[in-house]
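Note sheet for the following structure.
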Amino acid sequence: MFAKRFAGLKPYVPGEQPTDRAYIKLNANENPYPPSPEVEKVLRDFDPALFQRYPDPDARELRSAIADMLGGGVSPEMIFAGNGSDEVLSFVFYAFFDSDSPLRFPEHTYSFYPVYAGYYDIPVIKTPLLSDFSIDTEALSEGPGTGVIFANPNAPTGIYLPLDKIRNLLDSVPRDRVVVVDEAYIDFGGETAVPLLAEYPNLAIVRTFSKSYCFAGARLGFVVANPPLIQALFTTKNSFNHFPVDALTQKIGIASCRDSRYYAEINGRIIKTRDSFSASLRKAGWDVLPSLANFVFARKAGLSGRGAYEAIKREGILVRYFDIPGITDFVRISIGLPADMEKLLAVMSSL
Ligand SMILES: *Cc1c(COP(=O)(O)O)cnc(C)c1O
């Protein structure tokens, strides 16, 4: 009844979305602020007749709006948009990584990468993090390989890799290997690798609207890369699903791009909350990794990640722990509204 390939699937497990109790939800790196008022306006004015027709399969207006938002010489031909960055990543894995040579990524990074590698039968080499939990870029560029992928800032550590390190990595990787930088959290204080695209034809940058643009529920992600890579992603998409971004999501995506001032403001607030929360948590005896994301990764001596998660959950707050050797003593905490972080701080200070 089932295909042989199905037996080997190991699906990704997202942060829990419980419905049994009104938890304070700090477990999926969602944005605690609402989308821009411009998005509300689009929803109010939306003509349902638009649903009668298929959306623009190439999302041209949206890609122009994304290019304008990014600036710095990025053209719409350098943008590919899809149904969330998870789908975009699937196309990236399909189009750029082969089965006869290993894909390299850090041992601890976004846990969807090994899932896609399994799905597309791509062998993997996981490179250990350095002792401070930062990414070892030298190890990523060593030996044979079909490509490299990592998140910057990395997940679940939150640690940011400076651009000069990314440049060194690109300089030591052969130009026929694609290097993918997943910038899901770049709007929380890091510097984007987009300017490097002018020099490196094998660089692809993945972004999402789920975190810094407040719509995890609408599903929109994109790739910024040079046109040959973007064309390969269009070919891949058109071999799978012609219309991954629906008409309404294209419209709210455009409205969001045109109001980046709003997002800079709310994400600035998240950065402030993150930094003061981290400082207070350290004072309370926790080891908090330096984060430039909208979450922090923290541990306390003598406490397991699972133990901390359970104690925090009993107080009505959801965070995340990982049953993965090497990081079992950590919890990952998404940055929420200041009042919610105060409540969490009180709970964690008592552990
Ligand atoms: C959340 C996340 C994604 C997925 O984003 P969606 O656009 O919601 O699919 C991709 N990469 C990383 C590193 C993430 O943390």
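Here is the list for the stretch 147-199: trypsin sites (Lys or Arg not before Pro) lying in DSSP coil, each with at most 16 other C-beta atoms within 10 angstrom of its C-beta, are 175.
Tell me which lysines have Cα within less than 25 Å of residue 343's Cα, excluding those fewer than 8 residues away on the same chain? Partners found: 25, 211, 272, 283, 300, 313. For residue 261, the shell of other residues with beta-carbons less than 14 Å away shows a net charge of -3, using +1 for Lys and Arg and -1 for Asp and Glu. The calculated 222 nm mean residue ellipticity attributable to helices in the chain amounts to -11000 deg cm²/dmol, summing -39500 (n - 2.57) over DSSP H runs of n ≥ 4 and dividing by all residues. Per-residue Karplus couplings for the stretch 65-71, computed as 6.51 cos²θ - 1.76 cosθ + 1.60 with θ equal to phi - 60°, are listed in order as 5, 5, 4, 4, 4, 6, x Hz, Gly and Pro entered as x. Among beta bridges from DSSP that stay inside the chain, the antiparallel ones total about 50%. Spin-label model, residue 1/residue 261: points 7 Å from Cα along the beta carbon direction are separated by 5.9 nm. Based on the Kirkwood radius over alpha-carbon pairs, what is the Stokes-Einstein translational diffusion coefficient of the chain at 10 °C with 1.306 mPa s viscosity, in µm²/s? After rounding, the answer is 75 µm²/s. Segment residue 238..residue 315, full-extension length gain: 23.0 nm, with 0.36 nm per residue of separation and the alpha-carbon distance subtracted. Exposed loop positions in the chain were taken to be GluC sites (Glu not before Pro) whose DSSP state is not H, G, I, E or B and which have at most 16 other beta-carbon atoms within 10 angstrom. Between these positions, the longest stretch is 200-314. Per-atom-type breakdown for the chain gives carbon and sulfur 53% of the accessible area (1.4 Å probe, protein chains only).
The values are calculated or read from the model by the stated rules, or taken from the named source; none is laboratory data. This is a predicted model, so every value here is computed, not measured. As a convention, Cβ positions derive from the backbone with ideal geometry for all residues, glycine included, and neighbour counts pool all protein chains shown. Only protein heavy atoms, including side chains, enter the accessible area calculation; ligands, DNA and RNA are left aside. Shrake-Rupley method; radii C 1.70, N 1.55, O 1.52, S 1.80 Å.
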